[in-house]
Structures are given as structure tokens and as C-alpha cells.
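The values are calculated or read from the model by the stated rules, or taken from the named source; none is laboratory data. Since the structure is predicted, the reported quantities are computational estimates derived from the model, not experimental observations. Note that each Cβ is placed from the backbone with ideal geometry, even for glycine, and that neighbours are counted across all protein chains shown.
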Amino acid sequence: MESKTLLPGRKAKAWVERDAAAVSPSYTRSYPFVMDHGRGSEAWDVDGHRFIDFNAGIAVTATGHAHPAVVRAIQEQAEKFIHMSGTDFYYPVQIELAEKLNALVPIKEETQVFFTNSGTESVEAAFKLARYRMGCPRMLAFIGAFHGRSMGSLSLTGSKYVQRKGFAPLVPGVTHVPYAYCYRCPFHLEYPSCDIYCVDYIEETIFRYLIPADEVAAIFVEPIQGEGGYVVPPPEWHGRLKALMDKYDILYVVDEIQTGFGRTGKMFAIEHWGVEPDIVCMAKGIASGMPIGAMVARKSLMTWEAGAHASTFGGNPVCCAAALETIRLVEENLMENAARMGQRIMDHLEGIKDDHPSIGDVRGKGLMIGVELVKDKETREPAPEIRNEVVQRAFEKGLLILGCGPTTVRFMPALNISQDVADEGLAIFEEALTEVEKEAGL
């Protein structure tokens, strides 16, 4: 086994070179990790190096790598049949999953499910349904939001300009407003007392001067902003925002693609605020890594006729089987473990905050935790170079983490991560952070 100081190893380096020749350069690779196999929250590269995985496939492998129960469910379904197209035919496993999702979403009214293959497709389905049902052309979304990369969801995305550069014109009619990013509130100078002014801004500025509220079909909102920096809004924000949308008969579409299925310690993150959405978009953690998503909406909104929207692969039977087993495991004990281990990680990070001059903010719920790094705690000047170097240095020491937003490190391990593995990963993170801070003169 080669030393981690030589990363990437010989085999990994060869695969990276082959990738550069064969794969689109648009992919975003933070460091040259080439995976061979994994178990739970541990992963090994092709050269035999072991890593602690705080990424979980970008919050996807909820049950960890290769959970035996999920693997068994996949194998058993694959032996029966792999595909039949649920948009044209029927099969029990898809119907069973639809029934389960309808029972789980925090919507009191009867709901129905549209199956997709990914998060961006779930958002596209919600976008289309909102326009179809409401008869309105406009949408509201948030600065910092990430909803996907296909044209409708990209039009809602406001995370990084590089994701939109070169693809104009996007779908028209989308207006972006500030998210409740209290650590970097854009209104703090004009409204130092705040009182959740970012909600009032929509009514007092957007609806008064820019767009008529009666032309807005829906607002798309992440309960906790993901790519934007793992931003947790204040307790009153979702309630105030939902009340405003209800006032103008605008649908409340929650994007639970990264936050759903137990990651925050509840099945869906919006449950932390007791707000009832009209539509829920989901994917990522639903099936432990198998490609499936869903858009679940109030039954009264599902008025589109046969053929208005469909998907050949959406609700694939193997993926449905993996999802049913994943949800069973999440409900059984993984959601509770996410809450418990998330609190442990948060407490640890809060505990070391004063010892590290670059840690400006620690925030999160469950196992969706962000650490925002800054050059100065007083000025809160962003430190993207420090963040990027910490991510790289952690990789070299055996920890897989990633950034989000301009200057945040995110912690999103599998929901079944153990205390020992979590503590090992945190020790590596702090070691990397200490080295980078020292080199930066902090």
C-alpha cells in the first residue's frame, strides 16, 4: 500500500489520466480520489488507501456504502426484472413506493407521486405542474439556490454564475430574491433590527415594483440551502414566507433533494419549521445511491392529463426496491442516529471554534453541517483559498470532504456513521485546518 503523501497513487493517477481523455471536462472534481470499494462511512481507493467519507456521494448514500440490506433488495429485484417503464405499465414495487412517499410527506391533504431519475428532473416536474395548474408564467427562487442543471431547474438556480454562463436564454419568468442568510444578511445596514426583512422585501419591493404577484405560480425554496453554503434560516422565516405565499395564492415548493430522508434528523427538513408545502421535490438519499427521484404534490394540484408529462426510466423497479429498503432503515434507526451524531459533530465543531481564527460560523441540522471559514472573524471576510486548501489537505490525510457556497466546508456523512469514525474524521479535519491556518498566518 502506497503512502497517502504520494496521492494520487500510481493506479489512481492512471485512471485520472484516462478520465481526462474520455470524460467531459464540465465535471467538477475537487481532488483525485478514485474509488475502488466502500463500507459504511469508509472508502478505499484503487491503490488501497483508506478514507473517512464525509461526503456520502454528495448526501446520497444515506445508508452508507454497500449496505447489505440494500444490496440484497437490489439483487432480489434485478433477478425478477430490471425495467418495464412505469409510465406505460404497472408493477407493484413502484406503487408500493408511491404509497410510502405519500404517507411520509408533511402534507395533510391526499397527495400523488410523479417519479423521476434525479433531483433536477423532480424540479422540472414541479416547475411544469405549477405552470400547468396555476396558469401563471412566473416563479420565485433564491440567490444561492441550487435546483439542478437542466434548463428549467437551472433557471431557478442562483448558486454560481459558472453554472449558467453560456446557456442563455434560460427559461423566462424567474425572479431571484435573497435567502435568509443571517451570517451575511444583505439588509443588515439598512435594517439592523432585521425582523426577517428578507420576507417583507418580496412584498414591498418585488411585488410592488418588479412583478405582479398574481402572475407568480410558485416559489421554490430549499428548507436549508445546500450548494449556497449549508445555510439554516432563522426559526420564523419559513412560516413568514409561507404565510406571504398563501396571501397571494402562490404554491410553496420545497426542494428536499439534499435535505430529505432523515439527513437533518427528521424525514424532511421542512418539518423542523412545521410548515406544510404544496409540492415536495426529492432525490439523492431516497435509494442509497440508485438513481431515482420524485415530485409529490397535493392531489388537487395533479390535474394534468395523460401524456402531459412522463418518464421512461422514472420509478425504475430496481431503484424502487432500493428506496423502500432505504426508507425502512432510515425509519428504523438511521434518522435518530443522524440527529444524535449530528449533534455530536456540531458540539465538537462549536467547541473548537474559539481555537481556530478561520472558523466564522458553525451551522446545520442533523448530518447536514456547514463550517464557514473566514480571514477575520470581525470583518467576516470570506476565505475561499483557505477553504479549498483545507479540503485538499484533508484528502491527503485520509478524509473526504467538500466545500459549498463561497467559503464553507460541508459535513454530510452517511446517516449510519459511527461515533468512532466520526471522531476520526473530525480529528483529521482539525489537523488539516490547523496546518492551513498556520501557513496562512492566522
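When segment 1-60 is examined, which residues are found to be farther than 30 Å from T259 by Cα and of a type in the set (S, T, Y)?
Result: S3, T5.
Tell me, please, whether a residue that is surrounded by fewer than 24 Cβ atoms within 10 Å (Cβ to Cβ) and in a loop (DSSP other than H, G, I, E, B) can be found in segment 251-263.
Looking for residues that are surrounded by fewer than 24 Cβ atoms within 10 Å (Cβ to Cβ) and in a loop (DSSP other than H, G, I, E, B), one finds none in segment 251-263, hence no.
For (1) assigned by TED's automatic domain parsing to the domain that holds G119; (2) within 18 Å of L6 (Cα to Cα); (3) of a type outside the set (A, V, I, L, M); (4) touching a His at 6+ places or on another chain (Cβ under 8 Å), each residue gets a yes or a no:
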{"position": "A20", "(1), (2), (3), (4)": "no, no, no, no"}
{"position": "G38", "(1), (2), (3), (4)": "no, no, yes, yes"}
{"position": "V46", "(1), (2), (3), (4)": "no, yes, no, no"}
{"position": "H49", "(1), (2), (3), (4)": "no, yes, yes, no"}
{"position": "N55", "(1), (2), (3), (4)": "no, no, yes, no"}
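Residues V113, V123: which one is among the β-branched types (V, I, T), touching a Ser or Thr at 6+ places or on another chain (Cβ under 7 Å) and closer than 18 Å to I257 by Cβ?
Sole residue among the options that is among the β-branched types (V, I, T), touching a Ser or Thr at 6+ places or on another chain (Cβ under 7 Å) and closer than 18 Å to I257 by Cβ: V123.
Of all the residues that make up segment 129-147, how many are among the aromatic types (F, W, Y) and touching an Asp or Glu at 6+ places or on another chain (Cβ under 7 Å)? Show your work before the answer.
As a first pass, look at segment 129-147 and keep what is among the aromatic types (F, W, Y): 132, 142, 146.
From what is left, the residues that are touching an Asp or Glu at 6+ places or on another chain (Cβ under 7 Å) are 146.
The qualifying residues number 1.
For segment 317-418, give me every one of the strands (runs of 3 or more DSSP E) that falls completely inside it and has 2 or more residues that are surrounded by fewer than 23 Cβ atoms within 10 Å (Cβ to Cβ) and in contact with a strand residue (DSSP E or B) (Cβ under 9 Å, 6 or more places away or on another chain).
Values: elements: 359-365, 368-376, 402-404, 408-411.
Because the criterion is at least 2 residues that are surrounded by fewer than 23 Cβ atoms within 10 Å (Cβ to Cβ) and in contact with a strand residue (DSSP E or B) (Cβ under 9 Å, 6 or more places away or on another chain), the strands (runs of 3 or more DSSP E) in segment 317-418 that meet it are 359-365, 368-376, 402-404.
So in segment 87-110, with the set limited to residues that are touching a residue at least 40 places away in the same chain (Cβ under 8 Å), among the hydrophobic types (A, V, I, L, M, F, W, C) and in a loop (DSSP other than H, G, I, E, B), which one is farthest from G262 (Cα to Cα)?
This residue is I107.
Which fully enclosed strands (runs of 3 or more DSSP E) of segment 1-86 have 1 or more residues being in contact with a helix residue (DSSP H, G or I) (Cβ under 6 Å, 6 or more places away or on another chain) and in contact (Cβ under 8 Å) with a residue 24 or more places away in the chain? Can you show your working first?
Numbers: elements: 35-39, 42-45, 50-53.
Of the strands (runs of 3 or more DSSP E) lying wholly inside segment 1-86, those with at least 1 residues that are in contact with a helix residue (DSSP H, G or I) (Cβ under 6 Å, 6 or more places away or on another chain) and in contact (Cβ under 8 Å) with a residue 24 or more places away in the chain span 42-45, 50-53.
Do we find a residue being surrounded by fewer than 19 Cβ atoms within 10 Å (Cβ to Cβ) and in a loop (DSSP other than H, G, I, E, B) anywhere in segment 205-223?
Looking through segment 205-223, at least one residue is surrounded by fewer than 19 Cβ atoms within 10 Å (Cβ to Cβ) and in a loop (DSSP other than H, G, I, E, B).
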